[in-house]
1. Where the centre of each part is set by its Cα atoms, how far does region 756-824 sit from region 655-699, in angstrom?
2. My understanding is that a pair violates if its Cα-Cα distance is over 27 Å; which of 422/608; 380/435; 281/422; 336/462; 486/596 do that in this structure?
3. How large is the Kirkwood hydrodynamic radius of region 556-674, in angstrom, based on all distinct alpha carbon pairs?
4. Give the residue from 727, 705, 770 lying farthest towards the positive end of the charge dipole for region 681-772; charges sit on Cβ (+1 for Lys and Arg, -1 for Asp and Glu) and the dipole is referred to the Cα centre.
5. Which of the lysines could a cross-linker bridge to residue 297, judged by Cα under 16 Å and excluding same-chain residues fewer than eight apart?
6. Express in nm, to one decimal, how much length is gained between residue 791 and residue 820 on full extension, taking 0.36 nm for each residue of separation and deducting their alpha carbon distance.
7. Just the number, please: Stokes-Einstein D of region 718-829 in µm²/s, Kirkwood Rh from C-alpha pairs, 4 °C, 1.567 mPa s.
8. Evaluate the relative contact order of region 480-578 (contact order divided by residue number), counting alpha-carbon pairs under 8 angstrom at least 6 apart; express in whole percent.
Amino acid sequence: MERPAHTTRVWRFGVFEVDVADEELRRGGRPVKMREQSFRILVFLLEHSGEIVTRESLRGVLWPSDTFVDFDHSLNTAVMKLRDALGDSADTPLYIETLPKRGYRFIAPMTVVERETRPISPVPSSGPASAVLSTGEGNAGAALTEDGFRFKAGLEIPDAESGYSASPALARSPSSSAAKIAEHPLPYRKVWRILVPAVVLVAVAIAGAFYYRSRQATHRLTEKDTIVLADFANSTGDAIFDDTLKTALNISLQQSPFLNVLSDSEVARSLQLMSRPAGTKLTPEIARELCQRAGSKAYIGGAIGSLGSQYVLELKAVNCQSGDALVQEQVTAASKEKVLDALGNAASQLRTELGESLATVKKFDVPLEEATTSSLEALKAYSLGHYEHAIELDPNFARGYLAVGTKWTLSERGRAAGYITKAFQLREHVSEREKLTITGVYYSYVTGELDKAAQTFQEVIKSYPRDGPPYDSLGGVYAQQGQYEKAAEMTRQSMALAPGNGFSYSYSNLANYLLALQRFDEARPIIHRALAQNLEDRIAHNALYALAFLGADSTTMAEQQQWFGSKPEYGNVGLALASDTEAYAGHLRKARELTKQSVGSAIRAGDKESGAIWQENAALREAAYGNAAEARASAAEALKLAPGSQGAEAEAALAFAMAGDTARAESLAQDLEKRYPLDTQTQSLWLPAIQAQLALDRRNSTVALNALQAASSIELGQIMFVINTSCLYPVYVRGEAYLAAGQGSAAAAEFQKILDHSGIVWNCWTGALAHLGVARANALQARTSQGADADLARTRALAAYKDFLALWKDADPEIPVLRQARAEYAKLQ
């Protein structure tokens, strides 16, 4: 009889889900280990979400009134363990807020889902065979196996006389075969002696198969399990195998869409929690402890030894909790040159035995020598992080070129593009997963085809849905397209898939997207979480500086400047930020000095392209502030510093156009058009802004506005080679074009758009001059309107002029745009 259905409650918040029926907390679908008392507290807080839950009320939830415990200590411990499970912090809580002397409160948004369940009637079992064979009348003796087969067997053990006996149920039935045997013993007994052994053999074989399968199932992993790779034990005496074989095994297993190998970042974080250095060798003992701490299911250890000229390799997957071996593979390589081939074969077999389907193993199983390199020396250099040396040893090592290229994407994009292009040319010699990754990075950083990049990362996610980094990459592409909500969602999905709720770079990216969405209060704890995981995260320090600037928090800004100043490789970034901040307030002389320092710092750090970008930023603001000669000199100087830089050339072209040097601007625009014909941002942001500014130079506002139509779809997009997310140059130039066209209302809307997106603009000069733009647009409306409309526009213009002049109250007095603003304000009064 089917049991009645009932419902159970499931709470969902952030990346977590609490299932009351299963008494389980899940993060991104994976169970999170936690104490029973901590789970009870969480459920009680969820039941009273948004309310203050007193400590005394939690006593009744956790312990009966007659139970003696050290209440305060036990409750503090349980709450601490609960926060650990959620990855939450008492100082900057995302989920559980502590109210001193009052209690706790669950503060995160959450949803409640009622889930219907229908209990399954249990099947009695006394052993492997009983799952398939049972005794009884009719269907009463039937049992259902795990694959859904039902057996109706009335068999017993043989008796001493005949060797077989009928079941009691058969003996009691007058119409049964047993009764007929009694009436006609000889013919029926002959048939029975043939049938019964056959039935017994089939039943025993089936029982044995299911028993073997159940035993085998205990050795298998699920798609939700993570595994840890231990270091290889090398008894050959040849150091070439140190680190190399572990790297090769990792690459081989990463081809699998089923297995989930704990990343190097996750391993380093777990080692930190174990109070061990990041480079600690993962012996079986340490690997097992780390495996348990990370919540992984198993660790895989490897060993290599020599036998004459041959090599013997062994792989063993071990259950982290019990220490029992799950599966074990041993292979022999005829020579040193065949070791990688043998290791790849062993890894493929291991994947199958751990539960992956033969279909996916066959589909995603490129031989190791092809997926990596045939050179053990090159692979060892790669394992040690010496990527440039790796590609020197093997010029066809695609993964090595990708590693070198991605290292430079945050600073010297031109330098990065050459290596990434080489990896793309060699992409047919890598695994399917690596091929998609290389392709996505190539479209993102080399050709700039954002739609193709997004499509490629979507394909990676489709094939490897439990791998976090592709979600981060897709989020980055969405941000460049100005789709910050989608970017934030992708990043949150990446964080949900990572133990500990994400890596520092995921938090940093998410913080930038939240800033762009003007959600500053949400961004603040995210930034601090990123820094808690990695104090060296430059992007997080950038975001914290920006948040401090937007909140006029000079103390935090100074602290971040101090951090940047302590890092030789990042000092130029901090100086450039400070230069932009000074220029934003009209302190142009001070800004120039800081720019000079930032460029010199970048050159000393070997990062000429960043130095050129900082110089071009200065050129643009000089032009905008009315210093045309200084703008042209600065732009030309930057081009000499990094002549092949896409970013420097784009900014220089716009600077020359704003400074009235139309010939240089047109020449650079033509070069950009030729060199980057497919680049989304070049074609849809930079070239339209440059062409519009050139049209304004010729006093043709109509052509300028037409040129900027292409920029509207992605004009809020993050620019990868500037220090802030974007200065919104196309929006600013469009505002100027509307002013030139005499359309005050439309101009005001464009400049207001810049002010409304301060989380994108940060401390860029466009944010300061947007106040003046609003003032000029309203003054234009006042001149072209009549009556009350003119009076209202004049009032708005006066207020906007006051805002700008207050912002520049102690600005350098000789700045041309400031002198113009003061004259306009005086005339309007």
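1. 27
2. Table pairs above 27 Å Cα-Cα are 281/422; 336/462; 486/596.
3. Computed over Cα pairs of region 556-674, the Kirkwood hydrodynamic radius comes out at 14.2 Å.
4. Checking the options against the dipole of region 681-772, the answer is 705.
5. Answer for residue 297, where 16 Å is the Cα cut-off: 33, 224, 316, listed by chain and number.
6. Length difference between fully extended and current span is 8.2 nm.
7. The Stokes-Einstein estimate is 91 µm²/s.
8. Computed value for region 480-578: 19 percent relative contact order.
A short reminder: the numbers here are calculations on the coordinates, not readings from a lab. Since this is a predicted model, take the numbers as computed values, not measurements. When we count neighbours, we look across all protein chains shown, and the Cβ atoms used for this are built from the backbone with ideal geometry, even at glycine.
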